[in-house]
Amino acid sequence: MRRNTSALLWGSWTAFFFVYEAIALFNKKDDDTLSENTRKLFRIRSSKAGRALFTVILGGGAAWFLLHILTETM
């Protein structure tokens, strides 16, 4: 039962994200896509520190996830 619940929850979350993001992309309003909000949160356009922090977080997260999936650890 748990396996089905997890798959259902992850699938629902993914579907919600894609629908919400698609609507945000097509309505052309400012500050409603994930990319726009990420740039705003980390002040990508105005802060070298924010840009560096974002790079470390995203790069570190991607590296961890890659190792996690490939080695089946952590």
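What follows is calculated from the coordinates using simple rules that are stated; it is not laboratory data. Given the structure is predicted, the values throughout are model-derived calculations rather than measurements. Note that we place each Cβ from the backbone using ideal geometry, even for glycine, and neighbour counts take in every protein chain shown.
With the charge dipole of the chain set up from +1 on Lys and Arg Cβ and -1 on Asp and Glu Cβ about the Cα centre, the Cα lying farthest toward the positive end among the listed residues TRP10, ASN37, ILE23 is that of ASN37.
The orientation-averaged shadow of the Cα convex hull for the chain, equal to a quarter of the hull surface, comes to 6.8 nm².
With the helix formula -39500 (n - 2.57) applied to DSSP H stretches of n ≥ 4, the chain reaches a computed 222 nm mean residue ellipticity of -27500 deg cm²/dmol.
Residues PHE42, PHE65, PHE26, arranged from fewest to most other Cβ atoms within 10 angstrom of their Cβ, appear as PHE26, PHE65, PHE42. Computed 3J(HN,Hα) for the range 48-63, one whole-Hz value per residue from the Karplus formula 6.51 cos²θ - 1.76 cosθ + 1.60 where θ = phi - 60°, is 5, 5, x, 5, 5, 4, 4, 4, 5, 5, 5, x, x, x, 5, 5, glycine and proline marked x. Measuring r between the beta carbons of LEU9 and ILE44 and using R0 = 22 Å, the FRET efficiency lands at 0.10.
DSSP loop (so not H, G, I, E, B), at most 11 other Cβ within 10 Å: list which trypsin sites (Lys or Arg not before Pro) in the range 1-30 pass both filters.
The qualifying sites are LYS28, LYS29.
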